[in-house]
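Nothing in this text is a laboratory measurement; each read-out follows from the coordinates by a stated rule. All figures in this text were calculated on a predicted structure; none of them were measured in a lab. In this analysis, Cβ positions are derived from the backbone assuming ideal geometry, glycine residues included, and neighbour counts consider all displayed protein chains.
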Amino acid sequence: MQTCNSLEAQVALNRFYLRELGAPEQFGYFPLREEYGPVRAMEDEWNGFEEGRLPVLDKLPTRGEDFIDWYANLHRQHREDVSGFFEYLANDATPETLAFYIGLEEQVDGRFDDVIALAQLGMTGDMKLSLAENYWDEMGLGKVEEMHTAMFSKSTSYTQSILSRRGIDVAAAITPEALKNGNLLLMYALRRQYTPRLLGALTILEHTAPYRFSRTVLGLRRIGAPEEVVRYHELHVTVDDNHGKQLLERVLAPLVRNGADILREVCIGCLIRYRIAVDYYRSIEAAVGRLQLDRLAAASA
């Protein structure tokens, strides 16, 4: 197995990225110049690995006008590949399984609001406005209690209580695939040469999110979760639908008209995010089986 795919490596990368994004008062905690060499070597290995397992690089669109159709096909494929897991969450998953999934989402959130902020660097005009609108939504439209991170904490507090009663520690059960899901965006956002990949990854992430959130809402309501817990997930059904469309139409569509090189990078970002997301959800399914979370409700009935 490649070193970059180990749990140890992904934990180390995650800690490093979070240090880079530390609060101003933590300035003494920020990485030093000499620490970047090994990290960049790991990132190079990881990017090489992810590119190497994409069998369709020779079939990417080479003209900007062909991008939308290519992207639409990838979007449909993404939905098909994850639908089994999310229909299970909606209709059959135990409270423990839903709680475990949401707990993992907290672990791999990857400072999403900071990622959106960094994605705007260097942009101008309507492209920048699109990301700025996205960021303002993340900021709760200016209300601290409506900031998405604050809303999400209410959801994770509830699900953590479910897991605590069962003695389940999400952090102890985290997988490399889960960490890669968050680390990818952090790496792309913090390393400017990957900006086109970041924008591709963000678009496919946000554009496919409404389906995932809608199934999570169904599952939470099925187990009787309080509305303040459901609200964060329900909000993202509509908010992320708009974000995905705006990113596609106002950012990616004009961006890929700037030449074959940037078109290729955007496509690679979409593909790698898609592949890592599928791996992540499959790793959750495996963890649910390993921890027997799908049997806990029946055992306690």
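Ignoring the sites themselves, what is the longest stretch of the chain with no trypsin sites (Lys or Arg not before Pro) in a DSSP loop and at most 12 other beta-carbon atoms within 10 Å?
Longest stretch, sites excluded: 144-301.
Add +1 for every Lys or Arg and -1 for every Asp or Glu among the other residues with Cβ under 14 Å from the Cβ of E265, and state the total.
Overall, the nearby charge balance is +3.
Per-residue HN-Hα couplings for segment 126-134, Karplus 6.51 cos²θ - 1.76 cosθ + 1.60 at θ = phi - 60°, whole Hz, x for Gly and Pro?
With the stated coefficients, segment 126-134 comes to 5, 4, 5, 4, 4, 5, 5, 5, 4 Hz.
Report, by chain and number, residues whose modeled amide H sits under 5 Å from the one on R191, excluding near sequence neighbours (fewer than 5 apart, same chain).
The answer is none.
Beyond 32 Å, how much of the Cα-Cα pair distribution for segment 3-300 remains, as a whole percent?
25
In the chain, with Lys and Arg counted as +1 and Asp and Glu as -1 at Cβ, which of these residues, V266, M147, A171, has the Cα nearest the positive end of the dipole, that is, farthest along it?
A171
Give a residue-ordered list of calculated ³J(HN,Hα) values for segment 135-141 (Karplus: 6.51 cos²θ - 1.76 cosθ + 1.60, θ = phi - 60°; whole Hz; x for Gly, Pro).
Couplings: 5, 5, 4, 4, 7, x, 6 Hz.
Explain nothing, just compute: Karplus ³J(HN,Hα) = 6.51 cos²θ - 1.76 cosθ + 1.60, θ = phi - 60°, for every residue of segment 27-44 in order, whole Hz, x for Gly and Pro.
Those phi angles translate into 4, x, 9, 5, x, 8, 4, 5, 7, 6, x, x, 5, 5, 5, 5, 5, 4 Hz.
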